[in-house]
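The values are calculated or read from the model by the stated rules, or taken from the named source; none is laboratory data. Quantities reported herein were computed from a predicted structural model and do not represent experimental measurements. Here the Cβ positions follow ideal geometry from the backbone for every residue, glycine too, while neighbour counts run over all protein chains shown. Note: accessible area is taken over every heavy atom of the protein model, side chains too, but ligands, DNA and RNA are not part of it. Shrake-Rupley method; radii C 1.70, N 1.55, O 1.52, S 1.80 Å.
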Amino acid sequence: CTVQGRGAMVPSGGSGPQHFAATNGSPLLMLPDLIPSSTADVDVSVALQAAANEVSAAHQKLRVIDLGGQSHWKAWLGQLHILDAQKAMECGPPLWRFIAMLVNGLAEETCVMGDMLRAIAASALRCALALPPPSPGGSGATACMQDFAAGLMDALNRAGERLQEAVACGGPTDFLTEGFAACARTMACVPSARNAVAVRTAETWLRSALASGALLQRLGAECLSLARAAEATGAGNLLNVAWRLLKALCLDSACDMPMACTVLEHAARAAAEQLVAAPAAEHEGGDPLFVAKFHCSNFLRLARDCPALVRDCFPIWQVMEAFAPAVSSLGGQISEALGTGTEQHIVSMAQELLDKLMGLALERWATAANGQPDAEKLETFLTNQDLAAALVRCSLPFLASGRVEWSAIGGPDALIVSTEALKAETLLTYVLKSIEVGPSDVCRGSPRLGASEVNALAMLFAAGAPGVRQRVLVWTFSSEPPLYCLALRLHQAFPMWLGAGRALAWAQLLVQGAVCASNRPPSRSQCQAASCAAVVVARCPPAKAAIWVQAALGPLMKVGPGDPTPPAALWVLARRLAASLGSVDGPVGGMLVALVNQRWEAGAGVDARGAELEGRALRCFGVLTRKGVLNNDIARLTRAGECFRRVLGKASIPLKLRMEAWAAHIEVCIQLNAKDEFRVSMRYAAKHLSDLECAGVRVAAALVQAPNSLLDGAHATLDGLCKMTWPLRCGGLGAAAAVFARNGALPVAFVTTARHACEEFADDTGGCSDTNGGIAKPIGAWPMGQNSLRAKRRRLLAELARLPDDDAEDPELPALCSVAVARIATWSRPVTGQLCK
């Protein structure tokens, strides 16, 4: 725009628009000079306001010819296009008010919309970039700045209504991105500009830019910058605006995969941060999870509906890395709450929300038709035990949901396996490996799996998912308690998902393949298999269970003189079945009683098959008695007690068999409430069975099981158990603690002995028992034996000899040295003829 052009647009000596007669008689509106010459005495703001008033008073549509023709119009647009931010701000709100009127007045002049909107977008972006940045807790904008921003957004709103005509004119479309950036920057800096009209304006410019193929990286950067500004200043309304624009960007079909991944990862990190911060805000009032739920909903919407994420592979690795800090933090807070016994509702709710997000992410990844399984990347999550546990917890519901056709994987007709099926199999393999692999027992097997996860595994077992049945079989025989406990819980759930027929067939497989595999004494693995088979049978209908038990224990029932000895582990199965199925009304209880009767008749049969075989029958009889199968047959219990007492009185009978008879006699005494016989049995155990450590464990269990009325006179036995060496002392202390915690009348001597044992244990370990109501102290070292104490003394003396001289003053040191010297002098005395205590 030349000086001559500016002089032609504004008559000399005038500051406002002037009407004059043209050659055709039409009135002309002269456009105010936006960049006046240095010699012209013109107030641009006043001129713009006067021109705006003139246009408003005309009440008619404008034409370019009314503004001085094409040359004058293009010259004025050139001024607007290069107008710097400082001069635009000096013009103030009248500039944008006049521009808005021009856009509205020239609505029918579609041919000029392209150039006009390009100039408006460029000038608006320069002004928006010059706005002061927002400050935390405040807007950072004055009243004049807010008026200027309001006028700018109004002009952009008017221009946004004409974007279709502007694009139709042809030419570069970069102005669409500039207009959107101007809207975003203005709303970020000025709170008053964050109204509904401004948000719709920004969304209009954004959608037009996306439709014209604008650069996605710049659009996404503006939206993310808006979100970061909202997070930095804590502006909730700006956060709503930012995520509305981000979702509009990602849910558009023009959005590509890199941009969708970037926004999704940002949503995941924002949700994770707010979930971690929620417990700390619990006492501040309101809903501490309000902002976290907002970010969670954004993540769910993007993960579920973003077209780019549907077309390509879901970015599971970036999402899980974003969630990892929250998983570790919330898992630690729940563990701490469990350790202190306090309830953490907010932590539990936060973890539930996090599990929902992770579950959807895993489902979207597994069901995507594109991408590779990448088992190696999944296994990298095993190094983070909290993240691995969360992935197991979130994966199992999806894998067991029925959306995966497990029968189509690995079958004879599986020539072509879909990508979704391969991903599901990879995820299942990771889940099974994660259950088995862990830095400690707490991170493996049963402790970290809830009832829903165990049911999901049982459903996968029933569906024939690859590798599940093999792993369950391995866990059944595992020497690691967490894995075996998980197998036991799974066998309890099998009948629900397998049905009675298939469940009993699996139990029969365990019995034939493991329990009856050898004639040797029962091994640990055989006992575990018997327990798993028993819990499966216990969950089946009683009629079918009775038929199965009769067939499984047939070798024990049909054995006669000269027949081969049945597998010893079958008695373990019988005992487990007695514990699981034995009851007064159940058919299995009667069958097991008949089996024991056959093996053990009153007063006979001690030498029929040997002490070992009869001992197993006695143990089964004890379990049946404890389960109450014989409660209605008092005469039989009385006869059995007399028989056991005769056996206990024969020194010729092996000691181990007498111990089994003693344990069965104790069960009879408890059922008959025979106080005197119980007391005599306790004395008998102390006198004749003290050489057997397993007898001490049986005695401790009997003290815990016995009712209060039978404990009179048993304090001496309890005291003796508590004074034994480790590990048998554990049984005595456990019995003392269990009995002391009871309610009701207890013998005074027994209570005194139990209290004394608990307090002695607390003193020995540096803790505090529950008997004195004190506050627990840190548990010290475990009490050591004589050899360990001797080694520790030698180690302490060697360390003292190597310590350097220290001249630092310590008022407590002399007294401590005196005590230590006295102790060392005691150690230095020669010991002759006696052992050091």
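Defining a contact as two alpha carbons under 8 Å apart and six or more residues distant in sequence, what relative contact order in percent does the stretch 475-538 show?
This gives 45 percent for the stretch 475-538.
Put a dot 7 Å past each Cα toward the Cβ at Arg742 and Asp676; how far apart are the dots in nm?
2.1 nm
Could you provide, to the nearest whole Å², the per residue accessible area of the stretch 125-264 with probe 1.4 Å?
Per-residue accessible area for the stretch 125-264 comes out at 38 Å².
By accessible area of protein heavy atoms, probe 1.4 Å, what ranking do Thr186, Thr173 get, highest first?
Sorted descending by solvent-accessible area, the residues read Thr173, Thr186.
What order do Trp317, Trp205 take when sorted by accessible area (1.4 Å probe), most exposed first? Intermediate results must be reported in sequence, preceding the final value.
Details: Trp317 35, Trp205 0 Å².
Largest accessible area first, the list is Trp317, Trp205.
Carbon and sulfur: what percent of the stretch 645-755's accessible surface (1.4 Å probe)?
Carbon and sulfur together cover 57 percent of it.
Using Cα pairs under 8 angstrom and six or more residues apart, how large is the relative contact order of the stretch 192-274, in percent?
On the way: 50 pairs, mean separation 27.2, N = 83.
Normalised by residue count, the contact order of the stretch 192-274 is 33 percent.
I need the shape label for the stretch 607-683. Rule: rounded when a/c is under 1.5, else prolate if a/b > b/c, else oblate, with a, b, c from the alpha carbon gyration tensor.
oblate
Over the stretch 54-162, what is the mean sequence separation of C-alpha contacts under 8 Å (at least six apart), divided by residue count, expressed as relative contact order in percent?
Reported as a whole number, the value is 39 percent.
So, in nm, how far is label Asp256 from label Asp805 when the simple model puts each one 7 Å beyond its Cα toward the Cβ?
7.8 nm
Using a Förster radius of 30 Å, what is the FRET efficiency between Ser212 and Arg304 based on their Cβ-Cβ separation? Nearest 0.05, please. Before the final figure, lay out each step's value.
Numbers: r = 27 Å, r/R0 = 0.91.
After rounding, the FRET efficiency stands at 0.65.
Taking R0 as 45 Å, what FRET efficiency do you get between Leu813 and Lys723 from their Cβ-Cβ distance, rounded to the nearest 0.05? Intermediate results must be reported in sequence, preceding the final value.
Details: r = 37 Å, r/R0 = 0.83.
The calculated FRET efficiency here is 0.75.
Taking R0 as 51 Å, what FRET efficiency do you get between Arg469 and Asp84 from their Cβ-Cβ distance, rounded to the nearest 0.05? Let's see the in-between values first.
Values: r = 75 Å, r/R0 = 1.48.
Calculated transfer efficiency: 0.10.
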